[in-house]
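Scroll down for the structure; my scribbles are underneath it.
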There are 2 protein chains.
Amino acid sequence: MKFEVTILGSSSATPIFNRNPTSQALNINEHLYLIDCGEGTQQQMLRFDIKASRIDYIFISHLHGDHYLGLVGLLSSMHLNGRKKPLYLFCPPQLKEIIDLQLKYSETTLQFPLEYKFTDAQKAEVIVNNNDIVVETIPLDHRIDCTGFIFKQKKRLRKLIKEKLEELNIPVEYYTALKKGSDYTSASGVVYKNETLTIDSDIPKAYAYCSDTLYNEQYFNQISNVTVLYHEATFLNDMLDRANETHHTTALQAAQIALKTNAKKLLIGHFSARYKTLNELLDEARSVFPATELAIEGKTFIIG
Amino acid sequence: MKFEVTILGSSSATPIFNRNPTSQALNINEHLYLIDCGEGTQQQMLRFDIKASRIDYIFISHLHGDHYLGLVGLLSSMHLNGRKKPLYLFCPPQLKEIIDLQLKYSETTLQFPLEYKFTDAQKAEVIVNNNDIVVETIPLDHRIDCTGFIFKQKKRLRKLIKEKLEELNIPVEYYTALKKGSDYTSASGVVYKNETLTIDSDIPKAYAYCSDTLYNEQYFNQISNVTVLYHEATFLNDMLDRANETHHTTALQAAQIALKTNAKKLLIGHFSARYKTLNELLDEARSVFPATELAIEGKTFIIG
């Protein structure tokens with residue numbers, strides 16, 4: 001099953017040339033899940049061949065403009081391009097008011113159902129549970145209400161050892177039960193333990209997205225052992241005071257979080273416009289957590 | 001005096017790769033006047049070296065998203081970059097409500113005065129009158145309230161013929177009166193007519209910006225004899241029905257308007273995303289009005 005993330009924007013509050021505000025597109029089994037939608041996300045999607053028509057879920061972490069100002073433009077383009085199928089939007093409740101006002105004054109009635117599911121920044125909740133994935137909110141610690149999101153693959157059924165089943169002439173109608181873990185008893189009464197007929201499926205992968213937040217241990221438990229952790233790293237650690245004041249994280253802190261929560265890999269992003277190059281941020285994070293990468297525009301990372 | 005326009009966006013409703021929604025930056029005597037501000041205008045300004053700090057006036061024609069969705073991001077960046085001087089925003093009154101709501105939910109208090117001047121789509125009005133320029137609204141005919149804008153240079157004072165003044169030993173304190181058109185009477189009582197001491201200043205230039213509109217002769221008188229006419233040309237004329245239905249103009253109509261109103265030069269823009277190349281639109285307009293250019297991203301046109 002495909003499980004990968006493409007970075008559409010890596011910039012914090014103000015954009016700089018070639019760095020756009022935050023947005024990421026998750027491809028899960030060929031369905032697209034858009035996380036945050038800063039200004040210009042539509043253009044980034046065109047640039048990196050992310051098809052808007054394949055997005056069914058959009059997640060907005062909070063209502064600072066660099067995380068959502070591209071949304072109304074994207075909805076409008078979906079509408080103009082003839083979308084009819086529903087779009088599920090997970091966001092703070094106030095975003096509905098903002099969108100409704102803009103649609104009202106442009107006299108636009110969307111031609112597709114926009115289904116809102118409001119997030120609650122005070123508690124972790126399961127907000128999506130479909131065949132491929134479970135998504136939970138992560139309450140973060142920012143200046144305004146803000147949630148991250150964790151995407152957990154579901155545990156798949158066990159895999160059949162086909163040669164063994166054929167050797168024993170086990171009828172096909174038993175296969176589903178075997179995948180679910182049952183033992184098999186033959187017509188002559190011999191019991192074959194499930195472990196001898198199937199193997200365990202892959203360990204489910206998880207992607208945690210921690211947008212704007214102060215370093216705060218409260219959410220560490222929820223993101224423990226993820227396959228890939230995206231964490232904001234707005235500043236170098238020599239600006240820790242500024243990070244604390246603005247409720248952001250430094251590259252060093254992001255790496256410490258990855259280490260503490262036992263992530264396999266760390267992606268850092270949401271870089272302040274003051275950093276024209278990003279090597280120092282990467283070096284600082286890698287000094288603590290070597291498996292760190294820069295989450296920059298156009299890069300795709302496999303969650304695995 | 002510098003008087004030129006740089007195109008930041010040429011696309012209509014939905015952006016396509018390398019074509020952004022509408023925005024233009026007028027440079028008038030080194031002051032910047034931004035006209036419309038579609039999504040991604042900030043990024044276009046970075047690309048084409050248009051400094052946000054030099055913008056004092058912003059004009060928004062109407063509240064379709066492709067003409068204003070970049071505005072809140074731009075205001076936010078001005079705020080974060082330490083702007084203190086006032087910004088004058090000319091726009092439909094409902095835009096204040098939209099901006100206020102977004103600032104409220106991001107808990108942002110702009111650190112500079114944002115001075116609103118509301119446009120009235122029912123009548124032409126002078127909305128700016130400073131040392132360099134007079135700006136008037138142009139009531140257009142779109143699906144929602146929409147105004148264009150016409151920027152008219154002021155008539156400058158007459159130019160002194162320095163050699164003549166020195167030859168006659170005319171004291172410097174008379175120069176201002178001469179520039180304003182007075183004759184000069186010497187100590188001995190000889191009258192020198194102003195025309196022998198000064199020459200007329202250049203004919204004032206004018207730039208008319210006609211964003212989204214149906215072909216409608218009502219505004220033609222107001223834009224007659226401009227130096228440069230920007231007119232939307234969303235469709236080729238084989239889509240005239242669609243243009244009428246959506247209250248837009250075809251390239252052929254834009255050229256007919258330039259011809260009828262005696263423009264010196266025509267710029268066309270606001271191209272539908274269906275046109276991957278623009279040659280046909282240009283050819284169609286030039287078949288009627290040869291002095292036509294494509295108003296595409298990054299191009300600068302001198303109004304003169």
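Go through segment A:27-50 and give me each residue that's surrounded by fewer than 24 Cβ atoms within 10 Å (Cβ to Cβ), in contact with an Asp or Glu (Cβ under 9 Å, 6 or more places away or on another chain) and not polar (S, T, N, Q). The answer is A:I28, A:H31, A:L32, A:R47, A:F48. Output the residues belonging to segment B:44-67 that are over 15 Å from the mean Cα position of the chain (by Cα) and either part of a helix (DSSP H, G or I) or among the aromatic types (F, W, Y) (or both). Selection gives B:Q44, B:M45, B:L46, B:R47, B:F48, B:A52, B:S53, B:R54, B:G65, B:D66. Taking segment A:283-303 as the range and being of a type outside the set (S, T, Y) and touching an Asp or Glu at 6+ places or on another chain (Cβ under 8 Å) as the test, the residues that pass are A:K299, A:F301, A:I302, A:I303. Being within 25 Å of B:T300 (Cα to Cα) and aromatic (F, W, Y): is that true of B:Y174 here? Considered against the rule, which asks whether it is within 25 Å of B:T300 (Cα to Cα) and aromatic (F, W, Y), B:Y174 comes out as no. A:I138 fulfils the conditions (1) within 14 Å of another protein chain (Cβ to nearest Cβ); (2) in contact with a helix residue (DSSP H, G or I) (Cβ under 8 Å, 6 or more places away or on another chain) except for a single criterion, (1). The numbered conditions (1) assigned to a helix (DSSP H, G or I); (2) in contact (Cβ under 8 Å) with a residue 60 or more places away in the chain; (3) under 17 Å from the mean Cα position of the chain (by Cα) are all true for B:Q218 except (3). A:T108 falls short of the stated requirement of being touching a Ser or Thr at 6+ places or on another chain (Cβ under 9 Å) and more than 9 Å from every other protein chain (Cβ to nearest Cβ).
Among the residues making up segment B:131-144, those that are over 15 Å from the mean Cα position of the chain (by Cα) and open to solvent by 30 Å² or more (accessible area, probe 1.4 Å) are B:N131, B:D141, B:R143. When we screen A:L267, A:L282, A:L178 for residues that are under 19 Å from the mean Cα position of the chain (by Cα), within 30 Å of A:K2 (Cβ to Cβ) and not in a loop (DSSP other than H, G, I, E, B), the only hit is A:L267.
Do we find a residue being in a loop (DSSP other than H, G, I, E, B) and under 30 Å from B:I170 (Cα atoms) anywhere in segment B:208-215? Taking every residue of segment B:208-215 in turn, none turns out to be in a loop (DSSP other than H, G, I, E, B) and under 30 Å from B:I170 (Cα atoms). Count of segment A:51-67 residues, restricted to those that are open to solvent by 10 Å² or more (accessible area, probe 1.4 Å) and either touching a Leu at 6+ places or on another chain (Cβ under 7 Å) or more than 9 Å from chain B (Cβ to nearest Cβ) (or both), is 6. When restricted to residues that are touching a residue at least 60 places away in the same chain (Cβ under 8 Å) and either under 27 Å from A:V134 (Cβ atoms) or surrounded by fewer than 24 Cβ atoms within 10 Å (Cβ to Cβ) (or both), segment A:233-258 contains 2.
When the criteria are applied in full, B:S12 meets the requirement of being assigned by TED's automatic domain parsing to the domain that holds B:L74, touching a Pro at 6+ places or on another chain (Cβ under 9 Å) and within 22 Å of A:S106 (Cα to Cα). Among the residues that make up segment A:84-91, is at least one of them within 17 Å of A:S211 (Cα to Cα), open to solvent by less than 10 Å² (accessible area, probe 1.4 Å) and within 12 Å of another protein chain (Cβ to nearest Cβ)? Taking every residue of segment A:84-91 in turn, at least one turns out to be within 17 Å of A:S211 (Cα to Cα), open to solvent by less than 10 Å² (accessible area, probe 1.4 Å) and within 12 Å of another protein chain (Cβ to nearest Cβ). Would you pick out the residues in segment A:259-282 that are open to solvent by less than 40 Å² (accessible area, probe 1.4 Å) and at positive phi? If the condition is that a residue be open to solvent by less than 40 Å² (accessible area, probe 1.4 Å) and at positive phi, then A:H270 is the only one that fits. Of everything listed in (1) in contact with a helix residue (DSSP H, G or I) (Cβ under 8 Å, 6 or more places away or on another chain); (2) within 22 Å of B:R54 (Cα to Cα); (3) within 14 Å of chain A (Cβ to nearest Cβ); (4) crowded, with 17+ Cβ neighbours inside 10 Å, the single unmet condition for B:N81 is (4). Among residues of segment A:284-304 that are over 14 Å from A:K264 (Cα atoms), those with a beta-carbon under 8 Å from a residue that is in a strand (DSSP E or B) and open to solvent by 30 Å² or more (accessible area, probe 1.4 Å) at least six positions away or on a different chain give the pairs A:K299/A:E293; A:T300/A:E4. For segment B:1-42, taking the residues that are within 14 Å of chain A (Cβ to nearest Cβ) and among the small types (G, A, S), the one that is farthest from A:N81 (Cα to Cα) is identified as B:S23.
Within segment A:266-283, the set of residues being within 17 Å of A:Q256 (Cβ to Cβ) and free of Cβ contacts under 8 Å to residues at least 12 places away in the same chain comprises A:D283 only. Pairing residues of segment A:174-196 that are exposed (fewer than 11 other Cβ atoms within 10 Å of the Cβ) with residues that are assigned to a loop (DSSP other than H, G, I, E, B), at Cβ distances under 6 Å and at least 6 apart in sequence or on separate chains, gives A:V191/A:D183; A:K193/A:D183.
The values are calculated or read from the model by the stated rules, or taken from the named source; none is laboratory data. Nothing here was measured: the structure is a model prediction, and the numbers come from that model. With ideal geometry, Cβ positions are generated from the backbone for all residues, glycine too; neighbour counts draw on all protein chains shown. Ligands, DNA and RNA are stripped out before the accessible areas are found, and what is left, the full protein with its side chains, is counted by its heavy atoms. Shrake-Rupley method; radii C 1.70, N 1.55, O 1.52, S 1.80 Å.
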